[in-house]
Every structure is written in structure tokens, then in C-alpha cells.
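Worksheet: the structure to be examined is printed underneath.
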Amino acid sequence: MNRMFEPYALGNVRLANRFVFPPIKLGYGNTDGSVTDRQLIFYRQIARQGPAVVIVEPVSVTADGREHPKQPCIHLDGSERELKKIADVIHEEDRLACLHLNHAGAAANPTLTGKAPKAPSVMTCIAREGRVSAVLEEEEIEVTLAGYQTAAQKAAAAGFDMIEIQAGHGYLVSQFLSERLNHREDRFGKDRMLFAREAVARAMKGAPGLPCMLRISGDEMAPEFSVGVETRLSLLEFAEEAGICAVHVGMGNACFSPPWYFHHGSLPEKPQNDALAWIREQTFLPTVAAGRMGRRKRIQQVIDEGLADMIALGRPLIADPDLLAKWRAEKDDEVRYCGYCLQGCLHRMKSGQFLGCNLNPEVGLAPLSETDRALSVLVAGGGPAGMSAAFYLSRRGHSVTLAEQSNRLGGQFALAWQAPGKEQMKDGLEALVRSATTCGAAVSLSTRVDSDYVRSLRPDLLVWATGAVSNIPKIPGLEDQHTLTVEAFFKGEKEVRARRVLVIGAGRTGLEIAEKLGKEGFEVVATKRTDPIGSMMEAITRKLLLMRVDKMKNVTLMPHTTVKAFFPDKVEIEQDGASKFLDPFETVVIASGMVSAAQPAEEIAGTVKEVEIIGDAREVGDIFSATHAGYELAQRH
């Protein structure tokens, strides 16, 4: 792994190391295309002692190819002036700036133009809520190709050191390449490579002095829509002939296989390894491996097996911008590892918000300053909100005591990673625990925060972060059942009896429990009063989980179903307004949501000057809202 930190020659440029930051949509910009302070702070965080090449988030070569309203622009007057601000920040950290050129085609966002997205032929982008595209006319194709040249010219004018052209992942170039999507009868259909060749040629003509990378999908993982093997081989041969300096290899298709495009943490590694190996066999060009590369062991495997020359790190650097510096100093135990859950990043972007991170509330924000009024602070509760508050308040210079009633820190986060497909989230939990226990705060486990304890410490500020508890529904006969709450289930405090289990509440956690029990061989019925099943889950996580559960014959999901009563020999339910009965269950798991834990008693609140209630104790949310609540509290004090 040490050679990954050595200088590396790529085309006519010299890289400080073999790491690349890939193009990741941020949502930090202004809708008029102007660059914000948060964008500049973000790219400075990434570039400082970071990857040799920082590829800026995608820009569309024409206005009709954009994906979201806060995407940086290259097509507007003054675009190069705005983008130069980003390039300058990256250069100030002694790193190379690369601009990623794209047109989303059928994956473009029609709400930005008020028109249907344009593609080579009529097609439906499933990930865009099934919107049907209109066909690009030849005159429009020429305008788009001209956009590649103009965009490259502006990239050079803005001071970028490199450009990258998106030719994969189901975007416009890939749509032209695909024999399954491109049904044109003109020259762009008879020669499906034509658009790709022209786009690359125009871009390289626009910026003749800049090295050009080509971004592709190693495998689009969507057999009915993917670019065929022969076409992919032709693309790689063309890349060599055209003078492309490196091939940046991701996976998936933005329209038809988003889980692979976004590299969800539950997916197997073998298809990616196979794709990288195939590309390595087909081309002598240097390759960049992208997707879930945020573990030293994984990188070592890719390098040892000769699968790539360089490594792209995106979400791992969002979770911990100092990742490379820590690896280089062999301080692996200090790294805040991304769990590839997509919850704080992709889930927020798809909801129209800006990019965030469950583990790093500071992404894109200036560092917290030291307080000019140090307080004595007691934080009650060692879950994500409490640990975050203890860490950031300590870093600001306050004297903090973190008290947790149980014998370990973590709260709900200590349970979340146990769900199938979430195992890598455990590393993030350990990072939060480590930050809370090494920040200088006094940590007191197995400690109940009552009025006597508060009086003994006499804090200036009490932070109440005691989390949430299971909501127990009032169902006749429930008290006679063998029941487990979500907490008891994941902690293993009570056994799951026999083989037949009812899960009340097939939301996020209930659905995860149903899958886990199904894998263990139990017969499971999971009910939910409303639809959809697995609501509040990140969309890709939910889709993958439902696909896995659908293959389990021993798991039955029942939306629009309310459990009405338990009897010794049956269970009464109401489904879609009709009364029905189920056979009895040996175990009932209660996953019908959470409610905030009890607020601080009057005698506790009356002993301190100020009380702040944060996290689930204030309003039940998720890990993202909990960790950010602790950070935002520190901002205020």
C-alpha cells in the first residue's frame, strides 16, 4: 500500500499519489450556477493532504442535461469564472483539479427545463420515476456535441489541469452506445460509437493541452439495457487511439441499476472484481477503480491482483477527509470509516437536500472555533446524539461529562449495524465511540442521571440525549404473548421462541428484523398498518432488502394490516378493512416505532442553569439527525 502514496505519472502530469476523488453531486451550489463558500470549503477539505486528483462534481455540457437544480454549470456566461474558484482552492492545497463533463440524457431532470428529457431513442429511465424521454434530433445532437467542446474550453480557461468525460453509467454517451437503447436509423444509430467518438474528439479539441480521462461502467449490471461486451471493447480501443490518459471504472447504470451505480454496501465484491479484471485484460491504459474502496484491505487486494493502477475514494473521504493522511501515518485506528449506507449522502440528495454524512456533520463547513465562555457540561445519554455533543463541545473547550445508563456507548447505533447488509456500519459506530472517549470528556458508564447525580456535578449546562424507547401498542391480549422489543431483539436479551414469529410494524427496523429472522429459518409474518413496507428507508436499501425478502418463502409481508387482538388459538387482524384471523405465534416482535424517552424530571431541570434536549429525546429521527444535533448544539454554545 505504501506505493499508493508515491508520485505517479499520468500522461503529461505528475500526481502526488495514486488516489483520485471521483465526481460526487453535492447540492451545495446556487441555482444560478454560482459557487458557494460551502463548495469551496468542501473541496479544500478533500484536497488538503488528500487525493492527487480532485474531480469536481459533474457539469452538464448543455442546460438540458442537468440532473439537479444546484448542479454547477459550464454552459452559462461566467461559468468559467465561478468554476475557477474551485480549481484555485484545489491548487492551493497542491492538488490537481479535474472537471467532469456529462450530459444525463434520459436521466436528466425535466423539472429544470419543463420538457421531457432527451435521449437517442424513446426510453424510460426507471430511476427518474419512469419518465419517458423524447428523441434527440440531429440538430440537437450537434448542439450537444458542440457543448463538449465549449465545456472543455471553459475548463481550460478556469485553470483545470484535466478533464473527464462520462461515457458510462447509463448517461447520454452510454445511451448512444447501447444497442438495447439506441434504435436510431440515422448515422448515430448505424454507428453507435459515433457519438462517443465525436464527444471525446470535440472535448479534446476544446482543451488540447489537458489530459483527458474516460469514465465508464465496468459492468452496467442491467442486462436488458447495458452496453454490450463488443461495444465496450470498441470503446476501450478507441480510448487508446484517441489519447485518453486513463480509464475511470465504476459500476452500474443510473437509470436501471442504481444500487450498483451508487455501490451500496450490501452488494458482493466479485462482480466488480470481475469487471476490473476484464478491463485490465483489454487495455494498456492506466485504470482507476471506483466504488467501496474505503478500506486498506480492499485497496491492497485490488493492487495485489493487478486490477487497477489508481483508486478513487468518494464517500470514504466525505466521512473522513483526513483518511489518507491517517493511512499514510499508519493511524488506521483513528479513521472514521464510511459504512456505505447511502443514508446521509444519496438519500438526502434524492430528497432535494444537500449532501451530508451520518458520521461527519462538518462536511463542507468551517471548523468550530474555541469558545470564549467555557462551561461545565453534563451530557445524559451515550447514543449518537450524546456522543456527538460530548465530542464537539469538548473540542470547543468546554468541560464535559458524558453519562450513560447502560454499560456501553452507542445507543440505537450499537444495534443498527446488526441488520443484514449493514455490517460495515459497525466501523462507523466504533469511530463515534472512539471520538467520545478520546476527546477529553469524562465518560461514566452504568450511570443514571438523577437529581442527586446532577447536584453532585453542578453543571452549567445539562444536555438531555437519552434517546428513544419502543412504542408499545395497546392490543388486547398482547400482554399474554412472548414479546420482544426491537432493543431486546438486537441485544439478545430474550430468546425468539420456536419457529413462528409475528413482527408488528414492517417499517425500517421491522423489515430488517423480518429478513434477519427469515435468514435464520423462522416462519415470519410482518404487518404494517400503512403502505409502503419499509417506509423511511433509503430507497436503494429498501429495494435491495425487499428483493432479498421476496425470495424467502418463509417470510410474509402484510401491508395495510392492523393487529386487532390476540387469542389463545388465533390472532385477529384487519387488512384493507376486512377482518381476518391468523394462526397463533410463539413470538411477537414489537417494531411499531419509537417514542422519545422521558424528559428530565422537574427536580433535575431545576438544579441547572440551562437544559438542552437533543436527538431522539427531542424528536425521534435517525442517526444522521442525531449526530448533527450534537454538532449543532456545540455551534450554539
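The values are calculated or read from the model by the stated rules, or taken from the named source; none is laboratory data. Fair warning: this is a prediction, and the values are worked out from it, not measured in the lab. A quick note on method: Cβ atoms are made from the backbone with ideal geometry, for glycine too, and the neighbour counts reach across all protein chains shown.
Listed residues Ile46, Ile74; which is farther than 11 Å from Ala97 by Cα, modelled with pLDDT of 95 or more, of a type in the set (A, V, I, L, M, F, W, C) and in contact with a Lys or Arg (Cβ under 8 Å, 6 or more places away or on another chain)? None of the other options fit; the residue is Ile74. When Val620, Val549, Val563, Val595 are checked against the criterion of being out of contact with any Pro (no Cβ under 6 Å at 6 or more places or on another chain), buried (at least 18 other Cβ atoms within 10 Å of the Cβ) and assigned to a strand (DSSP E or B), Val563 stands alone in meeting it.
Do you know which of the residues in region 473-499 that are of a type in the set (Asp, Glu) and not in a helix (DSSP H, G or I) is farthest from Glu520 (Cα to Cα)? Here the answer is Glu493. For region 504-528, residues that are closer than 14 Å to Thr541 by Cβ and in a loop (DSSP other than H, G, I, E, B) total 1.
Please go through region 177-204 and give me each residue that is within 23 Å of Thr287 (Cα to Cα) and of a type outside the set (Val, Ile, Thr), ordered by number.
Leu177, Ser178, Met193, Phe195, Ala196, Arg197, Glu198, Ala199, Ala201, Arg202, Ala203, Met204, listed by residue number.
When Gly206 is tested against (1) of a type outside the set (Lys, Arg); (2) closer than 19 Å to Pro120 by Cβ; (3) over 29 Å from the mean Cα position of the chain (by Cα), only condition (2) is not met.
When only residues in region 384-415 that are over 25 Å from Cys345 (Cβ atoms) and out of contact with any strand residue (DSSP E or B) (no Cβ under 6 Å at 6 or more places or on another chain) count, which is surrounded by the most Cβ atoms within 10 Å (Cβ to Cβ)? Applying the filter and picking the extreme gives Glu404.
Condition first: crowded, with 19+ Cβ neighbours inside 10 Å, at pLDDT 95 or above, hydrophobic (A, V, I, L, M, F, W, C) and at negative phi. Can you find one or more residues in region 126-134 that meet it? Scanning region 126-134, I find no residue that is crowded, with 19+ Cβ neighbours inside 10 Å, at pLDDT 95 or above, hydrophobic (A, V, I, L, M, F, W, C) and at negative phi, so the answer is no.
Entry remark, region 257-284: residues being at pLDDT 95 or above and touching a helix residue (DSSP H, G or I) at 6+ places or on another chain (Cβ under 6 Å) number 2 in total.
The residues on offer are Ala325, Ala319, and the sole one that is touching a residue at least 24 places away in the same chain (Cβ under 8 Å) and either touching a Leu at 6+ places or on another chain (Cβ under 8 Å) or under 29 Å from Ile244 (Cβ atoms) (or both) is Ala319.
Filtering region 432-466 to residues that are over 17 Å from Ser376 (Cβ atoms) and surrounded by 22 or more Cβ atoms within 10 Å (Cβ to Cβ) leaves Leu432, Ala436, Thr466.
Residues that are of a type in the set (Ser, Thr, Tyr) and crowded, with 21+ Cβ neighbours inside 10 Å were ranked within region 566-592; the one that is farthest from the chain's Cα centre (by Cα) is Thr587.
For region 183-229, a tally of residues being outside any loop (DSSP other than H, G, I, E, B), aliphatic (A, V, I, L, M) and in contact with a helix residue (DSSP H, G or I) (Cβ under 8 Å, 6 or more places away or on another chain) returns 9.
For the residues Ala52, Ala9, Ala16, the requirement of being under 26 Å from the mean Cα position of the chain (by Cα) and either closer than 30 Å to Glu240 by Cβ or not assigned by TED's automatic domain parsing to the domain that holds Gly291 (or both) singles out Ala52. Just a yes or no: is a residue in region 205-215 buried (at least 20 other Cβ atoms within 10 Å of the Cβ), touching a residue at least 24 places away in the same chain (Cβ under 8 Å) and over 20 Å from Ile55 (Cα atoms)? Checked against the condition, which is being buried (at least 20 other Cβ atoms within 10 Å of the Cβ), touching a residue at least 24 places away in the same chain (Cβ under 8 Å) and over 20 Å from Ile55 (Cα atoms), region 205-215 yields no hits at all. Looking at region 91-114, is at least one residue among the β-branched types (Val, Ile, Thr) and at pLDDT 95 or above? Checking region 91-114: not a single residue is among the β-branched types (Val, Ile, Thr) and at pLDDT 95 or above. More than 26 Å from Pro72 (Cβ to Cβ) and either of a type outside the set (Lys, Arg) or crowded, with 24+ Cβ neighbours inside 10 Å (or both): which single residue out of Glu220, Glu224, Glu140, Glu164 fits that description? Result: Glu224 is the single residue among Glu220, Glu224, Glu140, Glu164 that is more than 26 Å from Pro72 (Cβ to Cβ) and either of a type outside the set (Lys, Arg) or crowded, with 24+ Cβ neighbours inside 10 Å (or both).
What are the residues in region 256-285 that are under 18 Å from Ile165 (Cα atoms) and either in contact with a Cys (Cβ under 7 Å, 6 or more places away or on another chain) or hydrophobic (A, V, I, L, M, F, W, C) (or both), if any? Outline the logic, then answer.
First, the residues of region 256-285 that are under 18 Å from Ile165 (Cα atoms): 261, 279, 283, 285.
If the condition is that a residue be under 18 Å from Ile165 (Cα atoms) and either in contact with a Cys (Cβ under 7 Å, 6 or more places away or on another chain) or hydrophobic (A, V, I, L, M, F, W, C) (or both), then Ile279, Leu285 are the ones that fit.
Starting from residues that are in contact with a helix residue (DSSP H, G or I) (Cβ under 7 Å, 6 or more places away or on another chain) and among the charged types (D, E, K, R), keep the ones in region 296-342 and report whichever is nearest to Phe5 (Cα to Cα). If we take residues in region 296-342 being in contact with a helix residue (DSSP H, G or I) (Cβ under 7 Å, 6 or more places away or on another chain) and among the charged types (D, E, K, R), then Arg328 is nearest to Phe5 (Cα to Cα). Step by step: first the residues of region 477-534, then only those that are among the aliphatic types (A, V, I, L, M), closer than 20 Å to Asp550 by Cβ and touching a Pro at 6+ places or on another chain (Cβ under 8 Å), then the one that is surrounded by the fewest Cβ atoms within 10 Å (Cβ to Cβ). Which residue is that? So the residue we want is Ile533. Within the option set Gly11, Gly33, Gly27, being in contact with a strand residue (DSSP E or B) (Cβ under 7 Å, 6 or more places away or on another chain) and not acidic (Asp, Glu) holds for one residue only, Gly33.
Set side by side, the residues Gly344, Gly364, Gly381 differ, and just one is touching a residue at least 60 places away in the same chain (Cβ under 8 Å), touching a Lys or Arg at 6+ places or on another chain (Cβ under 8 Å) and crowded, with 21+ Cβ neighbours inside 10 Å, which is Gly364.
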